[in-house]
Structures are given as C-alpha cells and as structure tokens.
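Since the structure comes first, as structure tokens, the remarks are kept for the end.
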Amino acid sequence: MEGDAVNPENVCGDRPVTLRLARKGKVIVVPVGQSLLSGLIDAKVRVRFACTSGTCGSCELKVLAGTPLHRDPIYAARATPPLDRIRPCVSRSLSDELTLDL
Ligand code: FES
C-alpha cells in the first residue's frame, strides 16, 4: 500500500450494496462476495465492460447519489477521487446505497 492511504477494506469491508437504477426504476441488492458489475449483469442490466480489473474504464457508470469506494487503480490513487462515477467491476460503496444513472 502506498503512503499513508487508508485501506478501504479495513474501513468498511465488503457488505451488501443496494443499487438504485434511476432511469430503469429498478433496485438491486448486490451481496457480499459479488462485484457490482456482476450484480448488474445477473439482474439483466446491459452494461459494457472489458478488463474487469478497473483499468480500461469501459464499465464506468455515473453515480447520482451515494459515496463510491474506488478500488480501481486510477481513481483509488487520487487524493480526491470523484464522487460522481464508479467502475463497478472492482469498486464498491462506502454508503449502503448507490444511485446510478442507469
Ligand atoms: S471493465 Fe475495465 S474498468 Fe471495469
């Protein structure tokens, strides 16, 4: 781990995350141990993805509410990571819910 950055897994660990899909009016609960991307796919939500490692950005989604927990190598390294987007293949949530622009 670089510098004195807080390990997000030590802060909140994985826990279920509720995804509210604003435009679809759908709610999905993603359990512990499943990625947010996988949860969306299982719920038959069409999402783009490629690397599934947080690097390519193809899965990136707009966050309308909630606080993303960035675990991708791009945003996690930023001193001020964005609150309005998330790469669901690897990232999680600091809040119980995320509202996505889907
Ligand atoms: S699939 Fe590449 S960043 Fe998520």
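Every number here is computed from the coordinates shown, using simple stated rules; none is lab data. Given the structure is predicted, the values throughout are model-derived calculations rather than measurements. With ideal geometry, Cβ positions are generated from the backbone for all residues, glycine too; neighbour counts draw on all protein chains shown.
Assorted remarks:
- Listed residues Gly33, Leu98, Val45: farthest to the positive end of the dipole of region 15-100 (Cβ charges): Val45
- Helical mean residue ellipticity (222 nm; -39500 (n - 2.57) per DSSP H run of 4+; nearest 500) of the chain: -2500 deg cm²/dmol
- Dipole magnitude for the chain: computed about the Cα centre from +1 point charges on Lys and Arg Cβ and -1 point charges on Asp and Glu Cβ, it is near 580 debye.
- For the chain, the longest piece that avoids every one of the trypsin sites (Lys or Arg not before Pro) found in DSSP loops with at most 13 other C-beta atoms within 10 Å covers 49-77.
- Across the chain, counting alpha-carbon atoms alone, Rg and Dmax equal 12.7, 41 Å.
- Inter-label distance, nm, simple model (7 Å from Cα along the C-beta direction), Ile74/Ser95: 2.2
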